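A short write-up of the structure that comes next.
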Amino acid sequence: MSEPALKVARMRATRPERARTWPRRAVRLIARLLGAVALGLLLYLLLAPTGRYLVRAAWEEGKILARRRPISDIVEDSTTPEAVRRKLQVVLAARGFASDAIGLRARQSFTTFSRLDHDTLVLVLSAAYRDRLEPYTWWFPIVGRVPYKGFFDFGLARTTARRLNSDGFDVYLRPSPAFSTLGWFNDPLVSTSLNADSLDLANTVIHELTHNTFYASGQAVFNESFANFVGARGSAWFYRSRGQPDAADEEDARWSDDKLMARFWERLYHSIDSAYKSHPGQDSAHVRERIEARDTVYRRARMELVEVLGPKLRTIGPRVLERMRLDNAVLLARRIYLTDLDLFDSVWLREGQDLKRSIARIITLAKSKPKDPFGALRTWVAKTPAPY
């Protein structure tokens, strides 16, 4: 065989072997890339503050999920105290109503119960700059930036609050009996929720299932205010469907008070904002002037809250108002849950007081303008005549 022919033969002989080596190389390359990604994720979870926080949250969520018991079994258990049984029956009924009548995405949320080792589920921390109406925010995967952070580690919550306070922020730390994983897990009812009365329980279930149904990324104020609207209107509808008009009327009264408080917080927000704008400048003297101006506004607001607004409220007592703190952290935290509540009711009225249709309308409008869902609602309300 000639030399050229011999080379061709060798090439043909080795070609299948080379062809077989390419898949192996590709597999090794992909394996190395996946290993690098896994290592990077592990380092992030172990070393980055947000990573460690997510690991702790996942651990606590895992414990809650591991302790789940079907609520139906607890209700049928003869050793269950009667008061607990009645509340759990309300939870199951409210969940079923939220899914079947209101059309919320329930999955298996609130079909199970988890007993905690303590009487507080999480501590929620909010913070705000003292010389401007701007919240301190935290970033999380998927949900984006939010103006609050829930802590299962209470010591870390208090340490973080003290650090932010020493850095010059207004700080607001308070307990929360419930939370939502936004549909990622089948949220159980936790034992801390049973401290609430039956009306609050029904409202909470419907509120949290609203988050399962729709949650706009980076729009915490819209999400919480929307869920408050659905929880209030939904729980009143729920009790009327059960032939409990007194309970429904109480829910309506609480919602009416929420709207009055929402208007108060809105007025206060604009008053503080005006006080800041009247003292511009970034030097220390102007910063002090802004803080002094806002403190004057807060003193006047306390008088309005107790003496003017208090007598109009039907479900919030004067002692609660007297003890209520007023600063930027509290103001912005309250507005997360109580912003433009009348706007949601305006949609509800234009949809013939049909809550299911109202929810669908609000979600569609919010999706049409994801960076300004409130603006989308205002535009639609302005263009749509009221039925009266």
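Key figures for this structure:
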quantity: Single residue of 301, 293 found to be within 28 Å of residue 227 (Cβ to Cβ), open to solvent by less than 30 Å² (accessible area, probe 1.4 Å) and not aromatic (Phe, Trp, Tyr); calculated: 301
quantity: Odd one out for residue 209 among (1) in contact with a Ser or Thr (Cβ under 9 Å, 6 or more places away or on another chain); (2) buried (at least 19 other Cβ atoms within 10 Å of the Cβ); (3) in a strand (DSSP E or B); calculated: (3)
quantity: Any hit, segment 339-351, residues being on the phi > 0 side of the Ramachandran plot and within 22 Å of the chain's Cα centre (by Cα); calculated: yes
quantity: Test result for residue 222, under 16 Å from the mean Cα position of the chain (by Cα) and surrounded by 18 or more Cβ atoms within 10 Å (Cβ to Cβ); calculated: yes
quantity: Hits in segment 82-113 (condition: over 20 Å from residue 65 (Cα atoms), small (Gly, Ala, Ser) and outside any helix (DSSP H, G or I)); calculated: 103
quantity: Wholly enclosed helices (runs of 4 or more DSSP H) of segment 283-388 bearing at least 1 residues in contact with a strand residue (DSSP E or B) (Cβ under 6 Å, 6 or more places away or on another chain); calculated: 328-337
quantity: Filter pass, residue 347 being surrounded by 19 or more Cβ atoms within 10 Å (Cβ to Cβ) and touching a helix residue (DSSP H, G or I) at 6+ places or on another chain (Cβ under 9 Å); calculated: yes
quantity: Residue among 172, 136, 148 that is under 17 Å from the mean Cα position of the chain (by Cα), on the phi < 0 side of the Ramachandran plot and without any contact (Cβ under 8 Å) to a residue 40 or more places away in the chain; calculated: 136
quantity: Failed condition for residue 217, given (1) assigned to a helix (DSSP H, G or I); (2) hydroxyl-bearing (Ser, Thr, Tyr); (3) at pLDDT below 95; (4) surrounded by fewer than 16 Cβ atoms within 10 Å (Cβ to Cβ); calculated: (1)
quantity: Residue within segment 177-199 that is of a type outside the set (Gly, Ala, Ser), part of a helix (DSSP H, G or I) and at pLDDT 90 or above present; calculated: yes
quantity: Selection count, segment 125-166, where residues are of a type in the set (Val, Ile, Thr) and in contact with a Lys or Arg (Cβ under 6 Å, 6 or more places away or on another chain); calculated: 1
quantity: Hits in segment 359-377 - residues which are crowded, with 16+ Cβ neighbours inside 10 Å and touching a residue at least 24 places away in the same chain (Cβ under 8 Å); calculated: 359, 362, 363, 366, 373, 374, 377
quantity: Matching residues, segment 304-333, being among the charged types (D, E, K, R), without any contact (Cβ under 8 Å) to a residue 60 or more places away in the chain and open to solvent by less than 70 Å² (accessible area, probe 1.4 Å); calculated: 304
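Listed here are the residues, each with its yes/no results for (1) closer than 19 Å to residue 198 by Cβ; (2) open to solvent by 20 Å² or more (accessible area, probe 1.4 Å).
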{"site": "71", "(1), (2)": "yes, no"}
{"site": "79", "(1), (2)": "no, yes"}
{"site": "87", "(1), (2)": "yes, yes"}
{"site": "118", "(1), (2)": "no, yes"}
{"site": "175", "(1), (2)": "no, yes"}
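The values are calculated or read from the model by the stated rules, or taken from the named source; none is laboratory data. Keep in mind that what you see is a predicted model, and the values were worked out from it rather than measured. Positions of Cβ are backbone-derived with ideal geometry, glycine not excepted, and every protein chain shown enters the neighbour counts. Surface accessibility is based on the protein's heavy atoms, side chains included, excluding ligands, DNA and RNA. Shrake-Rupley method; radii C 1.70, N 1.55, O 1.52, S 1.80 Å.
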